[in-house]
Amino acid sequence: MIIEPKIRGFICTTAHPEGCLENVKRQAEYAKSHPVKGARKALVIGASAGYGLATRICAAFSCKADTLGVIFDKPASGGRTASAGWYNTAALERLAAEEGLYAATINGDAFSKEVKEGAIARIRRDLGQVDLVIYSLAAPRRTLPDGTVRSSVLKTVGAPYTERTIDLKKRELAEVTIPPASEEEIAATVEVMGGEDWEDWIEALAAAGVLTKDAVTAAYSYIGPERTHPIYLDGSIGRAKEDLYQASRRIEEKHPGLRAFISVNKALVTQSSSAIPIVPLYISILYKVMKEMGLHEGCIEQMSRLFCDRLYADNLPLDNRGMIRLDDWEMRPEVQAKVDAAWKRLADGSLEELADIDGYWEDFYQMFGFHLPGVDYGKDVETEVEIPSIG
Ligand code: NAD
């Protein structure tokens, strides 16, 4: 089948297997060129896209670690392509096998008991123990054990907030008013995106004895500049991220010897960030500024710095709350001053000049395996691709 991108709202409903392979290959090449003595056996939860995928790639190709990935993706069926995460994972396993590295995957709901038990059984059977556990889920909802569904919302806390945003399709500025979340919505967002499930994972892994004595775990967060605080840091998602932070403290208290880090990462185009109001406008201006200053990074460059310059470096710099800051370049005063100046000039109608809309779209298409140089998109391709070690 000849596969073309089909965009609906914030997502693309098709994905290209060869483009996804090329995307993973490029990231693996980058990781190989930044080797580091670090993880030996890693479990990555939320491993098929964005930051989780890049982390798994660094574990495998920078550290030469065995990796077990937990994903929630769909294979191709009935004329539909598989999800990008499915193709990315197939590509990762294939490239790992070429290097003689173990890579296996569990496809299912990471919030469920069954997936946790499945992962533990797999670790016991194939790896013995893991020394790195990455929690990189970005989920819109969660099904509780009794079948109730909790959905996360991207709303403010307290008062509504009106700000400019971008209509990426029309390449135009627009204005949005984000309503405040109700108490129930905040609680549900915390249940989905907060730290409870991360703690459950660590509890289950520790009880099963599959964590090494020197194991490290990390989950990802975001802070961002003041302009985005009402929708992010001080909004419903920010409440969940604060809970994630508190979970890191609780994990360390409960499991002496285990380090549990929050890594605050850079704002980047991923399937999750595209859905946050205002943030895509901020990201497209940020891309423009950081590219001009030679400071731009994507997921793989960020995760490579996490491995080489933070987790496995001689010195691990932490902020005053004990968090790893990979948003250090994004938050540099000179970067933020330029973003701010551009934001103020938006009213002049110079959006195209101030924001890297093309760069945003390129990243968006590439997440689904499109627009990758060297891929022949006119060619008929097989949509059904196997993930060799899926369970
Ligand atoms: P993403 O959408 O690219 O990836 C999320 C991953 O979670 C995917 O692999 C998806 O399949 C998986 N997933 C979702 N629900 C699942 C479930 N129920 N079971 C198993 N897997 C599931 O998102 P991302 O942007 O890489 O986000 C990862 C983390 O990084 C999140 O905690 C996010 O808040 C954080 N973060 C993102 C940014 C950003 O700008 N994108 C910045 C800082 C921090």
Give, as a single signed number, the net charge of other residues whose beta carbon lies under 11 Å from the beta carbon of LYS254, with Lys and Arg counted +1 and Asp and Glu -1.
-2
For the stretch 93-189, Rg(Cα) over 2.2 N^0.38 Å is 1.63
Unit charges on C-beta of K, R, D, E only; dipole of the chain, Debye:
480 debye
Residue exposure sequence - LYS170, LYS25, LYS37 - by fewest surrounding Cβ within 10 Å
LYS170, LYS37, LYS25
In deg cm²/dmol, rounded to 500, what helix-only [θ] at 222 nm does the chain give when every DSSP H run of at least 4 residues adds -39500 (n - 2.57) and the total is split over its residues?
-11500 deg cm²/dmol
Tally Lys/Arg at +1 and Asp/Glu at -1 over every other residue whose Cβ is under 10 Å from the Cβ of ALA65; what's the total?
+2
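Give me ARG122, ARG80 sorted ascending by neighbouring Cβ count inside 10 Å, so fewest comes first.
ARG80, ARG122
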Tail fraction, Cα-Cα pairs, the stretch 62-142, threshold 14 Å, whole percent:
68 percent
On a full-extension model of 0.36 nm per residue, what is the gain between LYS37 and ARG321, subtracting their alpha-carbon distance, rounded to one decimal in nm?
99.6 nm
Placing unit charges on C-beta atoms (Lys and Arg positive, Asp and Glu negative, everything else neutral), compute the dipole magnitude of the stretch 15-108 about its Cα centre in debye, rounded to 20.
220 debye
Which net charge results for the neighbourhood of ALA337, defined as the other residues with beta-carbon distances under 15 angstrom from its beta-carbon, given Lys and Arg at +1 and Asp and Glu at -1?
+1
Among LYS64, LYS155, LYS213, which comes first, then next, by fewest other beta-carbon atoms within 10 Å?
LYS213, LYS64, LYS155
In µm²/s, what is D for the stretch 1-137 at 37 °C and 0.692 mPa s, where D = kT/(6 pi eta Rh) by Stokes-Einstein and Rh is the Kirkwood radius from Cα pairs?
216 µm²/s
Which whole-angstrom value gives the distance between the alpha carbon centres of the stretch 146-180 and the stretch 78-133?
33 Å
The stretch 299-391: GluC sites (Glu not before Pro) in DSSP loop, at most 15 other beta carbons within 10 Å:
GLU382, GLU384, GLU386
Of all DSSP beta bridges having both residues in the chain, the percent classed as antiparallel (nearest 5) is 30 percent
For the chain, restrict the atom set to alpha-carbon positions and state the Rg and Dmax in Å.
20.2, 62
Report the trypsin sites (Lys or Arg not before Pro) located in the stretch 301-362 that are in a DSSP loop and have at most 13 other Cβ atoms inside 10 Å of their Cβ, or state none.
ARG321
In nm, what is the difference between 0.36 nm times the number of residues separating THR162 and GLU242 and their Cα-Cα distance?
26.4 nm
Relative contact order, percent, the chain [alpha-carbon distance under 8 Å, six or more residues apart]:
23 percent
Mind giving me the FRET efficiency for ASP328 and GLU252? R0 is 22 Å, r the Cβ-Cβ distance, nearest 0.05 is fine.
0.45
Could you work out the relative contact order of the stretch 79-216? I mean the mean sequence separation of Cα pairs under 8 Å and 6+ apart, divided by the number of residues, in percent.
25 percent
Length gain on complete extension for the stretch GLU172 to MET1, per 0.36 nm per residue less the alpha carbon to alpha carbon distance?
58.2 nm
Could you work out the percent of alpha carbon pairs in the stretch 208-252 separated by over 18 Å, rounded to a whole number?
43 percent
DSSP bridge pairs, the stretch 61-175: antiparallel proportion in percent, nearest 5:
60 percent
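Each value in this text was obtained by applying a stated rule to the coordinates, not by laboratory testing. Fair warning: this is a prediction, and the values are worked out from it, not measured in the lab. In this analysis, Cβ positions are derived from the backbone assuming ideal geometry, glycine residues included, and neighbour counts consider all displayed protein chains.
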